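The values are calculated or read from the model by the stated rules, or taken from the named source; none is laboratory data. Only a predicted model underlies this, so the values are computations on that prediction, with no experimental measurement involved. A quick note on method: Cβ atoms are made from the backbone with ideal geometry, for glycine too, and the neighbour counts reach across all protein chains shown. Areas reflect the complete protein model, heavy atoms only, side chains present, ligands, DNA and RNA absent. Shrake-Rupley method; radii C 1.70, N 1.55, O 1.52, S 1.80 Å.
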Amino acid sequence: MATRDLEDGIVQDFKVNLSYGKYLHLDEILDAQHPVSRPEHHDELLFILQHQTSELWLKLVLHELREVLRRLAADELRPALKGLARVKHIQRCLTEQWSVLATLTPSEYAEFRSFLGTSSGFQSYQYRAVEFTLGNKDARMLSIFNDDPSAQALLTSVLETPSVYDEFLRYLHRHGHDVPAEILQRDVTLPYRYNADLVPVFAAIYEDATKHWEAYEACEELVDLEENFQLWRFRHLKTVERTIGFKPGTGGSSGVNFLRKALDLQFFPELYAVRTEIGVL
């Protein structure tokens, strides 16, 4: 078998030098998996890691979306789109992860599901913060985190901050597009609602894409973002369905039926409505 020699320049002394493990705090990360099943079930580690890695990706999504908000507010569209492009790649990773969890069969999951108690992905405050940041805000969700002040504070802050769509529409207004005043002045703590008067604004952008190229590109980036989110929701639903069928969720929801309702939620409804109008004489 072929081998290769260590090069003379490869660092081997880490008494002073920073190592890979120390930089990433691997001891803490790799010691953060604590199965609760007794006896410990082999597949519980998969279940824990699936959710922990999702939370790490969600942390990065929030980090990027905050920067997108800042860039849009500063009229820096190109860097904002760069951030959205990165988020889209993260979404693909999150969606594909469901295929790993789908290897957990119903009988395997049933052997340790009861040990999870009332813990549920529905209680992911980072997921909720991403939804809030994209416009699907619901102040009622805050009560779920009454026992977690830091999570509640984060969600309260995001609830009170304009969403990505809010900032994009404000950007369009500043650049000469006739965005309705009621949208610009809306209460950003409320979920965004469809406004038919906005559709002609997008129709004008799509009908002269060359003239409005940057806005046109941004519109398509947002549609990509929403489509990716819906694909994630669908894979989540189907993974749950194949694993527990139509049992209630551990957090008290109706399970699959509750998840199915999320497929009707939209972040950017006018960007879909405008498609019906394009090319219509």
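Go through the residues of region 81-103 one by one and say whether even a single one is aromatic (F, W, Y), over 18 Å from E214 (Cβ atoms) and open to solvent by less than 50 Å² (accessible area, probe 1.4 Å).
Step one: list which residues in region 81-103 are aromatic (F, W, Y), which gives 98.
Narrowing further to those that are over 18 Å from E214 (Cβ atoms): 98.
Right, trim to open to solvent by less than 50 Å² (accessible area, probe 1.4 Å) and you get 98.
Yes, region 81-103 has at least one match.
Whether any residue in region 3-20 is outside any loop (DSSP other than H, G, I, E, B), surrounded by 10 or more Cβ atoms within 10 Å (Cβ to Cβ) and modelled with pLDDT of 95 or more is what I want to check.
Scanning region 3-20, I find no residue that is outside any loop (DSSP other than H, G, I, E, B), surrounded by 10 or more Cβ atoms within 10 Å (Cβ to Cβ) and modelled with pLDDT of 95 or more, so the answer is no.
Which count do you get for residues in region 217-228 that are closer than 15 Å to V61 by Cβ and either open to solvent by 50 Å² or more (accessible area, probe 1.4 Å) or of a type in the set (S, T, N, Q) (or both)?
2
Somewhere in region 136-156, is a residue buried (at least 16 other Cβ atoms within 10 Å of the Cβ) and in contact with a Pro (Cβ under 7 Å, 6 or more places away or on another chain)?
Yes - at least one qualifying residue is present in region 136-156.
Of the conditions (1) open to solvent by 20 Å² or more (accessible area, probe 1.4 Å); (2) polar (S, T, N, Q); (3) in a helix (DSSP H, G or I), Q33 clears all except one; give me its number.
(3)
Just one of A262, A181 is farther than 30 Å from V100 by Cα and not acidic (D, E); which is it?
Testing whether each residue is farther than 30 Å from V100 by Cα and not acidic (D, E) leaves just A181.
Note down all Cβ pairs under 8 Å where the first residue falls in region 260-275 and is in contact (Cβ under 8 Å) with a residue 60 or more places away in the chain and part of a helix (DSSP H, G or I), the second is among the polar types (S, T, N, Q) and open to solvent by less than 70 Å² (accessible area, probe 1.4 Å), and they're at least six residues apart or on different chains.
E270/N195
Quick one: would you say L231 is open to solvent by less than 60 Å² (accessible area, probe 1.4 Å) and hydrophobic (A, V, I, L, M, F, W, C)?
For L231, the condition - open to solvent by less than 60 Å² (accessible area, probe 1.4 Å) and hydrophobic (A, V, I, L, M, F, W, C) - is not met.
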